[in-house]
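Just so it is clear, none of the values below were taken in a lab; they were calculated from the coordinates. Because the structure is predicted, anything quoted here is derived from the model rather than measured. Counting neighbours? That spans all protein chains shown, and the Cβs are built from the backbone with ideal geometry, glycine included.
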């Protein structure tokens, strides 16, 4: 597919660099932008330059935020003695939509995955330890995907946090093994938070 | 889904404004951009601002181009006496990839569709008439989709161009190469019987 314009080619390449978008779809999206008002496309592009320029990570929980401390961490209504450890922001959105959890979060930024070259040092585990030392926390809830990487990370965190005097629980495996948090329905996910289990209980199974 | 950042929200909205992309996919794509190098995302955005700033429509055929006259229109190797009328640039890419056509094109920019509020005046039909008057053209090939809108546009063009001394043809409609008769729909099969060709005509190709 030889496009007749360098700029068209660059725009198609930009779209095609996104996951799940092939060159044919990329061309369709680019032509859609060209059919719209020029100003609309400029605003489309600005949304991304402003995104990288302005979006921050919360200094406490590493969630995406416009401020140094995110709305959840700074809310007086949240229970500061609970920290729910999740992989990324989408998991927070999923858990928030269940309305079953009123504690704080900690975004790991990934899962331990030797296959993908992600080790514990690539995650925000040190920062989680710091939080637990500085702040009075009664319970850490591990809410990671029920995948091999999630289990590995659960186990690593359990070992790592054991010296700290804190209860460690995992969300109940009401969610199907192999399912990802983001795609779990709200009721199942809500129940699985309510039915969280001491980590030791899950070891024997 | 309440996003914790205005800039994140804007970026997700921008992706979700594209056809076929919902909010969940939009968020996935946005987080993908955030995981990449900042510079990469800035380049991603620049591809679109540069697109609207620089891409033009060829003054002859209305194809997208970096120059006033596109590469096909300005090529000395193309047969100027043939003009193939297509809906948009994707049709040119499809026809070019067959390597069976060496004439010029004319991009209508759409099809007549009263349902979508697209009338003849919204298309580049006046410009096509001008080309036919200024330039010696022996044949106009109508290569539009075999849909109701395509047929309507074909018929409109046929009537409109009738006063001009030029042959008007449409691309052959019939069963596709490799198709089995049994599975071909009745209308296509009926048309292909009505529009049967002398066998000799098919031999030389």
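Table for the structure above
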| quantity | calculated |
| --- | --- |
| GNM result for chain B, Cα springs below 10 Å: residue of B:112, B:83, B:21 fluctuating most strongly | B:21 |
| Mean-position separation - Cα centroids, the stretch A:68-116 and the stretch B:12-72, in angstrom | 33 |
| q = 0.13 Å⁻¹, the stretch A:1-159: log10 I(q)/I(0) [Debye, one scatterer per Cα] | -0.78 |
| Nearest-ten-degree value, helix B:38-54 long axis tilted from longest Cα axis of chain B | 40 |
| Nearest-first distances (nm) between copies at residue B:100, label 7 Å from Cα via Cβ | 5.9 |
| 7 Å along Cα→Cβ, label-point gaps from residue B:40 to other copies, nm, shortest first | 2.9 |
| Spin-label model distance (nm) - residue B:200 vs residue A:126, 7 Å beyond Cα toward Cβ | 8.5 |
| Pairs of Cα atoms farther than 32 Å apart, the protein assembly as shown, % | 53 |
| Across the identical copies, how the residue B:177 labels are spaced - nm, sorted shortest first, 7 Å along Cα→Cβ | 5.2 |
| Cα-based Rg of the stretch B:68-129 normalised by 2.2 N^0.38 Å, two decimals | 1.22 |
| The stretch A:75-203 shape via C-alpha gyration tensor axes, a/c threshold 1.5 | rounded |
| Segment residue B:158-residue B:79, length gained on full extension (0.36 nm per residue, minus Cα span) | 26.3 nm |
| Between the stretch A:126-162 and the stretch B:122-182, the alpha-carbon center distance in angstrom | 67 |
| Gaussian network model of chain A, Cα within-10 Å springs - most flexible of A:185, A:37, A:151 | A:37 |
| Antiparallel DSSP beta bridges within the protein assembly as shown, as percent of all bridges there, nearest 5 | 25 |
| 0 to 90° range, to nearest 10: angle between helix A:148-161 axis and chain A longest Cα axis | 50 |
| Rg(Cα) / (2.2 N^0.38 Å) computed for the stretch B:39-104, rounded to two decimals | 1.35 |
| Gyration tensor verdict on the stretch B:133-194 (Cα atoms; rounded if a/c is under 1.5, prolate if a/b is larger than b/c, oblate otherwise) | prolate |
| Cα gyration tensor category, rounded, prolate or oblate, for the stretch A:6-54 with a/c compared to 1.5 | oblate |
| Nearest 10 degrees, 0 to 90: helix B:125-134 Cα axis against chain B principal axis | 50 |
| Where labels lie 7 Å past Cα in the beta-carbon direction, separation of residue B:191 and residue A:165 in nm | 8.2 |
